[in-house]
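Read through the structure below, which is laid out as structure tokens, and then see the notes.
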Amino acid sequence: METIIEVDGIRKGYKKRKSKEEFIAVDGISFSVRKGEIVGLLGPNGAGKTTTIKSICGLLVPDQGSIKINGYDSVKERNKALRHISAVLEGNRNVYWRLSVEENLEYFSGNRGMRKKESKERIDQLLELFRLEDKRKEIVNNLSRGMQQKLAIAVALMANTDVILLDEPTLGLDVETSYEVRSLLKHIAEREGKTIIISTHDMAVVQDLCKRTVIINSGKVIADENVQHLLKLFETSAYEIQLKETLTEEQLTKLQHQFPIYNLHDLTLEVSLEHEEAIYQIMNILSLNQTGIETINRTQVNFEQVFRRLVKEEAVS
Amino acid sequence: MSAFLQVLRVNTKKEFIEMKRYLPNTLSLLATFYIIFLALFFGIQVVGDPAEASSNTQYIIVNYVFWYFAMMTLQSTGGAITMEAMRGTLEQLYMSPVSAWRILLARVFGMVAIHLSIMVVLIFASMVTTGEWLHLNIGAIIPILLLTIISMIGVSFIIAGISVIFKQVDAFLQILQFILMAFAFVPLSVAPYLVFAPFVKGVDMMRHVMIHGYTLGDFTWVDYSWLVGNGIFYAIIGVIVYRSCERLAMNKGLLGHY
């Protein structure tokens, strides 16, 4: 598949106001996205996701490195690059609350130079797709948050660009609406062949929608992998050990030393092992104080666990 | 060009729709200006020289209406940037392949059209109230007014540029009101150096047309040179300042900040 977005070694620093010290938000990030891919951009707060997204959108100029959208440089050929990309950056705040649904769609398409007739056809299509036909004349202020969010996504789709960037598309939505938005995005990617980049904290979105994920931490890419591959990788090494007694300080120290990535809540110990033989090392630690074992199970990991472990591993290393 | 026409269409439409949706706000603005005008008018009647009351009233009408118009045009772009940043829609405007300054220009055209209509209402309301009728020579007024508006738009772009970086420019806009008052009220015969200031030459020529009944033929080529030169100068400076501020905001990551 053809590459549509190429992020090459971007770096962005901000000067702190008082100390004048430089804070590096993004430090040499590189990745590429192929046409038709749905990629999840993940990372804890302050990892550099927003800086990366805004740089891709041409709203921020990186200090170093370059970004190409369909071959156009996002800084030097900004207007050409923007013909291929649209975004929802602030969710439902991306639309005008005093205008109606239809007026918003017409306004943003006109602002991209779209003719009235052309935009009218697209508005009809999108209102049908997003099930907003009966809200066509409704003032946005009167809509529910879910509908406002759907409208914001529809506005991004109005331009019919190849790439759509979505920053937290399900933030603040109830389970039902979040599911609806996810289904819509899946539909758009499959039917319209759009390339979608989603920046989110909602791991269900990643697991459900994204084929690939780029995980950023402290301004660097720590993983760029196929989502299913990551899940499989962690699934084979993830164990859940049900203990009979609580662990002593000495056991905890040894555990921390030998298995930096572990989770202990109540009497459940979750641990990720590099090789299966490592289970005997855990037994040794538990036998120190004759801690009894109720059960040992290989666990089904979800993407949230994978993400947390990757970020933790990065922090430890 | 075709893309800009679409941008112009939707932005003008948006301005009119929002004016309608915020109608009480628009009406109260109009009422406030009219009440201040009445205060000025009756003030002149009470404290002014009765022999010059008629000419003073005419001066007040023209100066006051142009002060209103300049203030609205200049503040509207800065205000629009601040409002868009606050609402969260500013970055969406910058995501358009049509440059943001062109979108802003289209927005200014829409706002100017609205404020021109309000200005006409204010002029007629003032004339009816005072019984003083100005020379409304449309053939002379329109070309001079259009050239005057160019320099106003130029300055409005400078303010828009400052707003892109600082966002909260309310205090600055309040001070600006008084500077604009000086530009609109002080005639060039009293302060000739103000010819360098934006739109002062235009307002001065408008006074000659509306109060003294001048026609286009009564002005010299020097007058027109100043008028055109002033407009072009401030329009170019405005766009240059705005684009520099925009670049700075993109480099420093200030675009979406409020």
Next on the checklist: Condition first: in a helix (DSSP H, G or I), out of contact with any Asp or Glu (no Cβ under 6 Å at 6 or more places or on another chain), open to solvent by 30 Å² or more (accessible area, probe 1.4 Å) and assigned by TED's automatic domain parsing to the domain that holds A:Ala152. Can you find one or more residues in the range A:248-255 that meet it?
Outcome noted: no
Checklist entry - Which members of the range A:16-62 meet the condition of being within 14 Å of another protein chain (Cβ to nearest Cβ) and aliphatic (A, V, I, L, M)? => result A:Ile24, A:Ala25, A:Val26, A:Ile53, A:Ile56, A:Leu59, A:Leu60, A:Val61
Item to check | One residue from A:Gly91, A:Gly65 being within 11 Å of chain B (Cβ to nearest Cβ) and touching a strand residue (DSSP E or B) at 6+ places or on another chain (Cβ under 8 Å) | outcome: A:Gly91
Next on the checklist: Looking for something open to solvent by 50 Å² or more (accessible area, probe 1.4 Å) and acidic (Asp, Glu) - is there at least one such residue anywhere in the range A:30-53?
Outcome noted: no
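Would you mention how many residues in the range B:73-84 are open to solvent by less than 10 Å² (accessible area, probe 1.4 Å) and more than 10 Å from every other protein chain (Cβ to nearest Cβ)?
5
Each row is one residue, and each column tells you yes or no for (1) under 19 Å from A:Arg182 (Cβ atoms); (2) assigned by TED's automatic domain parsing to the domain that holds A:His187; (3) in contact with a strand residue (DSSP E or B) (Cβ under 6 Å, 6 or more places away or on another chain).
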| site | (1), (2), (3) |
| --- | --- |
| A:Gly110 | no, yes, no |
| A:Met114 | no, yes, no |
| A:Asp124 | no, yes, no |
| A:Leu127 | no, yes, no |
| A:Asp134 | no, yes, no |
| A:Lys137 | no, yes, yes |
| A:Gln148 | yes, yes, no |
| A:Ala152 | yes, yes, yes |
| A:Met158 | no, yes, no |
Checklist entry - Looking at the range A:68-88, which of the residues that are open to solvent by less than 10 Å² (accessible area, probe 1.4 Å) and within 7 Å of chain B (Cβ to nearest Cβ) is farthest from B:Ser99 (Cα to Cα)? => result A:Ala87
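From B:Val222, B:Val239, grab the single residue that is of a type outside the set (Phe, Trp, Tyr) and surrounded by 14 or more Cβ atoms within 10 Å (Cβ to Cβ).
Result: B:Val239 is the single residue among B:Val222, B:Val239 that is of a type outside the set (Phe, Trp, Tyr) and surrounded by 14 or more Cβ atoms within 10 Å (Cβ to Cβ).
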Checklist entry - Among the residues of the range A:1-24, how many are part of a strand (DSSP E or B) and either modelled with pLDDT under 90 or open to solvent by 40 Å² or more (accessible area, probe 1.4 Å) (or both)? => result 9
Next on the checklist: Going by what's in this entry, would B:Phe4 be described as within 14 Å of chain A (Cβ to nearest Cβ), open to solvent by less than 60 Å² (accessible area, probe 1.4 Å), in a helix (DSSP H, G or I) and touching a Lys or Arg at 6+ places or on another chain (Cβ under 9 Å)?
Outcome noted: yes
Checklist entry - If you go through the range B:142-201 one residue at a time, how many are among the aromatic types (Phe, Trp, Tyr), crowded, with 18+ Cβ neighbours inside 10 Å and outside any loop (DSSP other than H, G, I, E, B)? => result 2
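The values are calculated or read from the model by the stated rules, or taken from the named source; none is laboratory data. Everything quoted here is computed from the prediction, not taken from an experiment. Cβ atoms come from the backbone with ideal geometry, glycine included; neighbour counts cover every protein chain shown. Accessible surface areas use protein heavy atoms only, side chains included; no ligands, DNA or RNA. Shrake-Rupley method; radii C 1.70, N 1.55, O 1.52, S 1.80 Å.
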